[in-house]
Amino acid sequence: MLMESSNNNDNYYILLVDDEKDILELFTEYLSSNGFNIISFQNPLDALEYFYKNQSNCSLVITDYKMPQMSGIDFIKKIREKDTNCKIKTIIISAFIKDNIPYDKSYTMTIDRILEKPVYLDRLKKVIQELISTINIQQKPKINKIKKCSSIK
């Protein structure tokens, strides 16, 4: 299921993935009413297919941690296969305590934030604004070839 809500003033979109239809609709409606361009999917495989065709305009990915087709971590890993410079910001939303999410370096280096359910809408909006505000900040090119994504905060 694809739900698209756009604000023509912005040239980016937020990819939102959650297998729970009610949460997906609530987040989509709230975020779009606050001026964000939202592309929403219940199925992470459909979301990946869309992402692969529209990667250049994606600024942020918000995904549930536990979904039947694919975990949120595996979903972000697939995003990072295409977004190797970690320009796209990522948020995992989980009903589980952070301690239950695996914390090996390969995971933490690709996830910008983890939010625990229930997520207050104002908090979600604030985190999105913080992450999006960092996207346009120009960084000096690094001399070495190692590229790291930001760590969890």
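What follows is calculated from the coordinates using simple rules that are stated; it is not laboratory data. Keep in mind it's a predicted model, so treat the numbers as computed, not measured. Every residue, glycine among them, receives a Cβ derived from its backbone with ideal geometry; neighbour counts consider all protein chains shown.
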*Once phi is turned into ³J(HN,Hα) by the Karplus curve 6.51 cos²θ - 1.76 cosθ + 1.60 with θ = phi - 60°, what whole-Hz value does each residue of the stretch 26-40 show in order, with x for glycine and proline?*
4, 4, 4, 5, 5, 5, 5, 5, 9, x, 8, 7, 10, 10, 10
*What do you get for Rg/Rh over the stretch 10-63 if you use C-alpha atoms and the Kirkwood form of Rh?*
0.95
*Please give the length that would be gained between ASP46 and PHE96 if that part of the chain were fully extended, namely 0.36 nm times their separation in residues minus their C-alpha to C-alpha distance (nm, one decimal).*
15.6 nm
*Between GLU29 and LYS82, take the C-beta separation as r, use R0 = 41 Å, and let me know the FRET efficiency to the nearest 0.05.*
0.90
_Members of LYS53/LYS87; LYS21/LYS89; LYS21/LYS77; LYS89/LYS125; LYS21/LYS117; LYS21/LYS66 lying beyond 20 Å, as alpha-carbon distances in this model show_ = LYS21/LYS89; LYS21/LYS77
*Semi-axes of the stretch 53-93's equivalent ellipsoid from the Cα gyration tensor, sqrt of 5 times each eigenvalue, largest first, rounded to whole Å?*
18, 10, 9
_Can you compute the modelled spin-label distance between LYS117 and GLN69, with each label point 7 Å from Cα toward Cβ, in nm?_
1.7 nm
